Amino acid sequence: MRVLIVEDVAIVAMDFAMMVTELGHEVCGTAASASQAIQQAIRHAPDVVLMDLRLANGSSGIDAAQELYARHGLRCIFLSANLDERTMAALQPLEPIDFVDKPLLPVMLKKALEKAQRALSDP
């Protein structure tokens, strides 16, 4: 499965990329802002997006996810240290694959990527 990682802290993005690769998936791109995420999605056509909710330059992972879903039908695994019920409810129209708390544990990423794999194989 091709995974786009959207995370504004470079060392954290590298850690996520290592975990994704170790779980047998391909990291097709990384982005630190909403605009970069959209560019990377166009360039690399990922299957799923690992999306941090707060991004660089004051941009929003929610805005990026809305754009990616509207333009490309891309669904996200949302990551945040502050996931609350209100935010999760607001994201429901984007058909999120999963919500995962940060710091990201490999076992939680594995479960989320397995959900994504199932979602891609089910029509």
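Just a few scattered comments:
- Ile77 being crowded, with 20+ Cβ neighbours inside 10 Å, among the β-branched types (Val, Ile, Thr) and within 13 Å of the chain's Cα centre (by Cα): yes
Residue-wise test of (1) more than 22 Å from Lys111 (Cβ to Cβ); (2) charged (D, E, K, R).
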position	(1), (2)
Ile5	no, no
Asp8	yes, yes
Leu23	no, no
Ala31	yes, no
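- Residues located in the stretch 74-98, provided they are under 13 Å from Val48 (Cα atoms) and out of contact with any Asp or Glu (no Cβ under 9 Å at 6 or more places or on another chain): Leu94, Glu95, Pro96, Ile97, Asp98
- Ile38 being among the β-branched types (Val, Ile, Thr), more than 19 Å from Lys110 (Cα to Cα), loosely packed, with under 14 Cβ neighbours inside 10 Å and without any contact (Cβ under 8 Å) to a residue 60 or more places away in the chain: no
Every number here is computed from the coordinates shown, using simple stated rules; none is lab data. Just so you know, these numbers come straight off a predicted model, no measurement behind them. Positions of Cβ are backbone-derived with ideal geometry, glycine not excepted, and every protein chain shown enters the neighbour counts.
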